[in-house]
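K.L.:
Pasting a structure here, questions to come.
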Amino acid sequence: MSDMSSQALRSSVVNEVIANAEFRNELGKNVAQAIESKFGKQPLPVRIVEEQDHEMSLLIPTRTDQLAQSFEQFVKDLGERSPTRGEFEIVLVHRAWSDPAFLADLRADARAAVSGLLQKYGANVPEGMAVRLYEENAGECLIVVPRPADVHAELTEAELEAVAGGEGVAILVTAAVVGAVATVIADRIIPSMDTTVNRVE
């Protein structure tokens, strides 16, 4: 397979993790070898982070013009509708890229910053849920691997449309800010948000 962009590789690896438990195990033993055997030798070093139980992992990917434009358009199209988790993460990354003060807040206290952003949708991060922020460095591919329990999540119609809309948006919907289809979508949404965020009463 030819050289892949960070976005394409992230999406491919997460989708393979979801579909193939053996590949997940191989990643745990030797990341570079597992990726090369499945996708060919890639130009970027890969860093893997595994999301833990009771943790919401947020990935800020390396900003590119293409991604920034895709996310900006996605946020405009979303309007005032309550987003799914995957959509919310796109909103969050767009905000982090366009608002240095918000990014600084995320770095200082990710849980508080996320809760503040969720208030717009009448939701918050539940007690006992840690929020971890991961930032991709230039020249690397950072992949957040979803919790094994999350791998059977299904995409909503809106998320499928987002994936169809292009690689830029697909990153966060199928491989996430928070890294992965399962992680992005499994904890279902604002406003229902069963396990990721609680409705504010």
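K.L.:
Looking only at the stretch 77-93, which residues are in contact (Cβ under 8 Å) with a residue 24 or more places away in the chain and in a helix (DSSP H, G or I)? Before the answer, list the steps.
P.N.:
Step one: filter the stretch 77-93 for residues in contact (Cβ under 8 Å) with a residue 24 or more places away in the chain, giving 82-93.
Of everything in the stretch 77-93, those that are in contact (Cβ under 8 Å) with a residue 24 or more places away in the chain and in a helix (DSSP H, G or I) turn out to be R85, G86, E87, F88, E89, I90, V91, L92, V93.
K.L.:
Something else about it: Test I35 against the criterion of being of a type in the set (A, V, I, L, M, F, W, C) and touching a Phe, Trp or Tyr at 6+ places or on another chain (Cβ under 7 Å), and give yes or no. Walk me through how you get there before you give the answer.
P.N.:
Details: of a type in the set (A, V, I, L, M, F, W, C): yes; touching a Phe, Trp or Tyr at 6+ places or on another chain (Cβ under 7 Å): no.
Judged against the criteria, I35 is not a match.
K.L.:
Something else now. Looking only at residues in the stretch 22-55 that are closer than 30 Å to E127 by Cβ and aliphatic (A, V, I, L, M), which one is surrounded by the most Cβ atoms within 10 Å (Cβ to Cβ)?
P.N.:
I48
K.L.:
Among the residues in the stretch 9-19, are any surrounded by 12 or more Cβ atoms within 10 Å (Cβ to Cβ), modelled with pLDDT of 90 or more and not polar (S, T, N, Q)?
P.N.:
So far as the stretch 9-19 goes, no, none of its residues is surrounded by 12 or more Cβ atoms within 10 Å (Cβ to Cβ), modelled with pLDDT of 90 or more and not polar (S, T, N, Q).
K.L.:
Out of the stretch 1-42, which residues are assigned to a helix (DSSP H, G or I) and among the charged types (D, E, K, R)? Reasoning before the result, please.
P.N.:
Taking the stretch 1-42 first, the residues assigned to a helix (DSSP H, G or I) are 6-19, 21-29, 31-39.
Within the stretch 1-42, R10, E16, E22, R24, E26, K29, E36, K38 qualify.
K.L.:
Let me ask something additional. Suppose the filter is of a type outside the set (S, T, N, Q), over 30 Å from P126 (Cα atoms) and in contact (Cβ under 8 Å) with a residue 12 or more places away in the chain; does F74 pass it?
P.N.:
Values: of a type outside the set (S, T, N, Q): yes; over 30 Å from P126 (Cα atoms): no; in contact (Cβ under 8 Å) with a residue 12 or more places away in the chain: yes.
Answer is no for this residue.
The values are calculated or read from the model by the stated rules, or taken from the named source; none is laboratory data. Bear in mind the structure is a predicted one, so any value in this text is a computation, not a measurement. Note: ideal-geometry Cβ built from the backbone for every residue, glycine included; neighbour counts use all protein chains shown.
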